[in-house]
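The values are calculated or read from the model by the stated rules, or taken from the named source; none is laboratory data. These numbers were taken from a predicted model, which means no experiment stands behind them. Reconstructed Cβ throughout: ideal geometry from the backbone, glycine too, with neighbour counts over all protein chains shown. Note: accessible area is taken over every heavy atom of the protein model, side chains too, but ligands, DNA and RNA are not part of it. Shrake-Rupley method; radii C 1.70, N 1.55, O 1.52, S 1.80 Å.
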Amino acid sequence: MPGGGGDEERILGIQPTTAPAGNHHLQNIGPGASGAAQIAFASEALTIINSECLNGPLSTKIQAVTQIPGLLDTYPYKTIINSAFLKLSDLFQAIESNAFRFQVIKVFEASRHHLRRVLHPTEVLQRVLRVVNSNDPMARTMVMGLMGQAAEIFAGLVESQHAVLKGYGIFEDELELLAVVEATERFIQVEPGYLGVVWETLVDRIEQGSEGGVADDETKARMVRVLRHTASLGSKELVRQAVGLCHRWMQRWNDSAVMVGATLSVLSSVVCCPGGEDADVGTVLGRIVEWQREREHAAPQLSIIGPCNRAVQVISEWFLTVGADRMVTNEVAGMGEQICQVISKELDCSGGPEDGLLSLISIYRLLVVLLRMGGDSGSDRIEMVWDLAL
């Protein structure tokens with residue numbers, strides 16, 4: 001329940017001696033006030049905040065809008081919550097300052113636990129989307145950022161799904177693309193089926209980038225990692241498609257540790273899913289070993305610990321779920337052994353503390369695989385990998 005008058009003054013930044021004319025009753029509401037009185041107080045407080053945002057200098061606007069999370073936490077009535085988010089979306093549209101829009105996004109983030117009580121999410125969305133046609137790339141980035149923060153209420157709306165989908169086709173700026181990817185992942189977390197909607201567009205944009213498009217490796221890698229959500233979708237067909245894409249991309253991106261690492265992260269997440277049992281893990285790991293040898297001569301200064309760690313993760317997931325009875329198991333384990341040797345060598349040359357921890361995890365993963373194999377071959381490899389770990 002709300003606290004005393006002093007709390008309200010602190011939340012609103014209103015002092016008794018400086019309260020606006022005609023609003024002195026804002027100071028007098030007490031902890032025993034009725035619900036109607038509290039709603040009236042909070043509603044008038046929102047009106048004051050809105051006025052300061054519309055009429056004050058930028059510093060005042062920012063200071064005013066940041067009072068809203070505290071107000072909603074103190075007066076969490078549906079009427080106030082709905083009014084606040086509608087006002088926020090109006091301000092997001094009306095005030096053409098990206099610094100202010102960024103603060104609105106922070107307010108959405110801080111008040112995310114109230115979103116489930118918004119009764120009219122479509123009205124909030126329509127106001128926000130009026131900014132998406134701006135000529136300012138940063139303003140469009142802000143739209144995607146806000147939509148991601150409000151995924152709980154936006155992810156199921158056709159208009160918001162279309163806006164994110166459209167972003168892959170028209171946005172060229174790196175920050176815009178990253179914001180679109182972030183919004184996509186947040187939407188999928190709320191509505192897993194959205195991955196099926198965005199799949200073709202996302203893959204097209206990834207492959208456009210791989211053939212000389214605008215996206216750099218870091219941005220493309222973020223797009224690739226979205227496909228990790230395939231594992232939770234329960235679609236055999238999409239899992240098979242993800243495996244096929246990983247095989248293709250492993251061949252295409254052999255000059256980028258970032259892209260190979262992202263591709264392997266997808267493969268490790270889907271290889272144990274229904275539909276992923278046909279992954280040609282032996283070929284993929286063979287390509288990693290081959291790729292490492294090429295890099296040793298072409299660019300020895302570049303660390304490949306990340307992709308190697310991912311490779312061991314793939315072999316572990318694959319073996320422990322679907323590969324134990326296959327003829328290629330011993331061959332695959334041998335490739336894992338080679339990769340662990342590479343990890344050890346890389347750590348001796350350039351690995352940091354974080355690399356060391358991840359590499360030990362990778363090596364111990366392989367130990368689990370080898371223990372499951374048993375037999376003389378498994379015992380020999382356990383001894384070798386154990387020495388590397390030590």
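Modelled spin labels at Q63 and A110, positioned 7 Å past Cα toward Cβ, are 1.4 nm from each other. Just the protein heavy atoms count here, and of the accessible area of the stretch 100-146 at 1.4 Å, carbon and sulfur take up 49 percent. If you roll a 1.4 Å probe over the stretch 158-259 with all protein chains in place, what percent of the accessible area is carbon or sulfur? Roughly 48 percent of what the probe reaches on the stretch 158-259 is carbon or sulfur.
Distance distribution P(r), the stretch 117-206, all Cα-Cα pairs, bin width 5 angstrom from 0: 3, 15, 29, 26, 18, 7, 2, 0 percent. Ordering 186-195, 263-272 by mean Cβ neighbour count within 10 Å, with the highest value first, yields 263-272, 186-195.
Per residue, the stretch 132-175 exposes 41 Å² of solvent-accessible protein surface, assessed with a 1.4 angstrom probe and all protein chains in place. Within a straight-line Cα-Cα reach of under 29 Å, K78 can be paired with the following lysines, leaving aside sequence neighbours fewer than 8 residues apart in one chain: K61, K87, K106.
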